[in-house]
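*Asks:* Here's a structure for you.
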Amino acid sequence: MLCHNIPRLLKNKYDTMAIYFSNENVKFDLPDPERVRRWISHVVRVHGKRVGEVNYLFCDDAYLLEVNRTYLDHDTYTDIITFDYVAGNIISGDIFISIERVKENARLFDTSFERELHRVIIHGVLHLLGQGDKSEDDAKEMRRREEECLEIWNTIK
């Protein structure tokens with residue numbers, strides 16, 4: 001795994017013990033992380049899969065650009081990079097999110113930071129569930145599925 005400094009959490013009744021959040025080069029506290037874990041776990045279960053280990057690392061643009069250059073040989077800024085370690089029905093991966101890009105995208109798309117953050121968080125999960133976004137059709141399907149998952153967010157307490 002790329003995120004060696006991810007803190008380990010105690011297992012809870014929602015079977016979300018394997019969804020971790022950490023920061024690198026950015027001061028950021030994810031609002032309501034337990035609810036986010038329940039939401040991600042619910043989305044994964046709806047797709048007939050189980051959460052293995054999903055590591056989120058919130059960072060700044062410079063950190064994510066370096067990850068992009070080092071591991072993907074891309075020299076561009078991005079809001080998210082997902083490394084897929086899925087094995088069968090077990091969803092695992094490392095998901096890097098630039099908080100700076102999320103803030104900028106929220107402004108550009110005239111949405112709240114929280115909604116854009118949730119969109120990006122679930123975007124990574126959808127990649128782990130097999131949804132691509134490289135072709136125009138795949139990108140449209142990704143957006144549709146993101147919106148579907150954002151509606152689910154509203155039902156999670």
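Quick note: the coordinates plus some simple rules give every number you see, no bench work behind them. Here the structure is a predicted model, which is why all the values come from computation and not from measurement. Backbone-built Cβ (ideal geometry, glycine too); neighbour counts: all protein chains shown.
*Asks:* Would you calculate a helix-derived [θ] at 222 nm for the chain, using -39,500 (n - 2.57) for each DSSP H run of n ≥ 4 and dividing by the full residue count, to the nearest 500? Spell out each step's value before the answer.
*Replies:* Numbers: 5 runs with 70 residues, N = 157.
Helix contribution divided over all residues of the chain: -14500 deg cm²/dmol.
*Asks:* Also: If the elastic network links every pair of Cα atoms under 10 Å, which of 135, 98, 22 fluctuates the most in the Gaussian network model of the chain?
*Replies:* 135
*Asks:* If you plug each phi of region 100-113 into the Karplus form 6.51 cos²θ - 1.76 cosθ + 1.60 with θ = phi - 60°, what whole-Hz ³J(HN,Hα) values come out, in order, with x for Gly and Pro?
*Replies:* With the stated coefficients, region 100-113 comes to 4, 5, 4, 4, 5, 5, 4, 5, 4, 9, 6, 10, 6, 4 Hz.
*Asks:* Also, I was wondering about something else. What trypsin sites (Lys or Arg not before Pro) does region 17-57 have in DSSP loop regions with at most 14 other beta carbons within 10 Å?
*Replies:* Details: sites: 27, 35, 37, 38, 45, 49, 50; in loops: 27, 49.
Loop-located and lightly packed - 27.
*Asks:* Based on other C-beta atoms within 10 Å, arrange 153, 39 from fewest to most.
*Replies:* Values: 153 20, 39 25.
The order, fewest Cβ neighbours first, is 153, 39.
*Asks:* Which one of 42, 64, 86 is farthest out on the positive end of the charge dipole of the chain, using unit charges on Cβ (Lys, Arg +1; Asp, Glu -1) and the Cα centre as origin?
*Replies:* Selected residue: 42.
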